[in-house]
Amino acid sequence: MARLFTETYFPGNLDEFIGNVEIVEEAKRWAQEWDAGKAQKPLVLYGMPGVGKTALAYLIAKEMNWQI
């Protein structure tokens, strides 16, 4: 069965994610602090459709070994 384009070319990790490097680093830092038990505000991802919000969320979860 053929795979969708978005599944075929989905980044495998955060290093392959192409986007705003500052936002990616901030999200990664937030996730590490959250995982360490540091109380903080929720992370809110917003923007136009197709800019990578869901991809970033999935990759952060994958890197942190969080269940989706």
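Points to keep in mind about this one:
- A search for C-beta distances below 7 Å between a residue of region 16-31 that is β-branched (Val, Ile, Thr) and any residue that is in a helix (DSSP H, G or I), counting only pairs 6+ apart in sequence or on different chains, returns 24/14; 24/56.
- Within region 35-55, being in contact (Cβ under 8 Å) with a residue 12 or more places away in the chain, surrounded by 14 or more Cβ atoms within 10 Å (Cβ to Cβ) and part of a helix (DSSP H, G or I) holds for one residue alone: 55.
- Any hit, region 17-26, residues being open to solvent by less than 80 Å² (accessible area, probe 1.4 Å), in a helix (DSSP H, G or I), at negative phi and in contact with a Pro (Cβ under 7 Å, 6 or more places away or on another chain): no
Per-residue answers, yes or no, for (1) basic (Lys, Arg); (2) more than 11 Å from the chain's Cα centre (by Cα):
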position	(1), (2)
14	no, no
23	no, no
26	no, no
36	no, yes
41	yes, yes
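- Residue within region 7-15 that is free of Cβ contacts under 8 Å to residues at least 40 places away in the same chain and of a type in the set (A, V, I, L, M, F, W, C) present: no
- Residue, most open to solvent (accessible area, probe 1.4 Å), within region 1-16, restricted to residues that are among the charged types (D, E, K, R) and either in contact with a Cys (Cβ under 6 Å, 6 or more places away or on another chain) or modelled with pLDDT under 90 (or both): 3
The values are calculated or read from the model by the stated rules, or taken from the named source; none is laboratory data. These figures come from a predicted structure and were not determined experimentally. Cβ coordinates were reconstructed from backbone atoms using ideal geometry, including for glycine residues, and neighbour counts include every protein chain displayed. Heads up: the accessible areas ignore ligands, DNA and RNA and are worked out on the full protein's heavy atoms, side chains in. Shrake-Rupley method; radii C 1.70, N 1.55, O 1.52, S 1.80 Å.
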